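Worksheet: the structure to be examined is printed underneath.
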Amino acid sequence: MSFFDCGSLSPAPSMQPLRALKALDISYSRWVDDLCSPSLQTLEAAHLTQDLQILGCHDFHELPECLGKLCSLQKLGIKGLPRLRSLPRSLGHLPSLQELRIEYCDALAQLPECVGELHSLRIFKIWQLRSLRCLPQSLGHLTSLQELKITYCEALGQLPESLGELRSLRVLTISQSHSLTCLPQSLGHLTSLQKLGIAYCRELGQLPKSLGELRSLSKLVLWWLPGLTSVPESMCCLTSLEELTIMDCPGIRPLSEWIKGLTALQTLEIDGCPDDMVRRCERRNGKDWHLISHIPHLNIGLGAAHYHLDFD
């Protein structure tokens, strides 16, 4: 069921007859008052079982606490609510929620601690929350989380150490977060992490030494990190790494002995890095050729790297 560009509904439609409703889409509406109405509050597990999308509702400055009554909800999308300043505490009362996406909510400065109570959550994507300054410490309680994507959170200055408690996490993407200066040392505790992408973090000057503890990591993308000068020597311990991309890191130093430890590496892509780094990797004649000659697929030089951060 969809409500699209319907202004204010008065009276609010009754949801009582919709016993098999599986999805509700509220788009470009001014239904904030009606969203809190008794008719919607009656939507419990039997009525709304899977999917709720709230999109482009520019007048919404809050969401009702009755959202916590949708106990069979599996997917929740909140997108394009520029005046939204907070999320309801009842958000943590959604025991079946598996996917949460919060996008284009520029006024949202923080996420509630109750997010950590979403123990069934597997996918959590945050996109363009320009006022968001920190993530809740309770993030580490998301023991089922498999994918976390943080993009265009330009005021985000740090990530919580509790990030390392996400032992089921397989995919982590951090991009367009220009205030981020460092990553937590607990990153190395992500024992299930397979894919890591870090991009467009202007102030990020170093990567944690614990990066080398990610023994399950198979793909690593480092893209447009102008403050990055080197990678930790501990990366030699990434014995499962198969793909490594280093792109548009103008301050990074040439490769060193650590790369010889990447015995499973199948693809190395380097582009937009210092000319000296590229020359040293030239086939047979480069000073660092002996460090990378064992890698089957080499894409080094202008236009060589085929990067993407949407890990499939």
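The values are calculated or read from the model by the stated rules, or taken from the named source; none is laboratory data. Fair warning: this is a prediction, and the values are worked out from it, not measured in the lab. Virtual Cβ from ideal backbone geometry, glycine too; neighbours counted across all protein chains shown. Calculation scope for accessible area: heavy atoms of the full protein, side chains included, ligands and nucleic acids excluded. Shrake-Rupley method; radii C 1.70, N 1.55, O 1.52, S 1.80 Å.
Brief remarks on what is shown
- Condition check for S162: part of a helix (DSSP H, G or I), more than 23 Å from I54 (Cβ to Cβ), open to solvent by less than 10 Å² (accessible area, probe 1.4 Å) and in contact with a Gly (Cβ under 7 Å, 6 or more places away or on another chain): yes
- Residues that are under 21 Å from L129 (Cα atoms) and either buried (at least 19 other Cβ atoms within 10 Å of the Cβ) or not β-branched (V, I, T) (or both), drawn from segment 172-195: L172, T173, I174, S175, Q176, S177, H178, S179, L180, C182, L183, P184
- Odd one out for L238, checked against (1) open to solvent by less than 20 Å² (accessible area, probe 1.4 Å); (2) under 16 Å from L298 (Cβ atoms); (3) not small (G, A, S): (2)
- Candidates T143, T42, T151, T49: the one that is farther than 19 Å from S177 by Cβ, surrounded by fewer than 21 Cβ atoms within 10 Å (Cβ to Cβ), β-branched (V, I, T) and at pLDDT 95 or above is T143.
- Checking each residue in segment 83-116 for being open to solvent by 30 Å² or more (accessible area, probe 1.4 Å), within 17 Å of P136 (Cα to Cα), in a loop (DSSP other than H, G, I, E, B) and touching a Pro at 6+ places or on another chain (Cβ under 9 Å) picks out S86, Q110.
- Only residues that are open to solvent by less than 30 Å² (accessible area, probe 1.4 Å), out of contact with any helix residue (DSSP H, G or I) (no Cβ under 6 Å at 6 or more places or on another chain) and at positive phi were counted in segment 258-304, giving 0.
- Selected residue (only one of S162, S175 is over 24 Å from A23 (Cα atoms), more than 14 Å from the chain's Cα centre (by Cα), at pLDDT 95 or above and not β-branched (V, I, T)): S162
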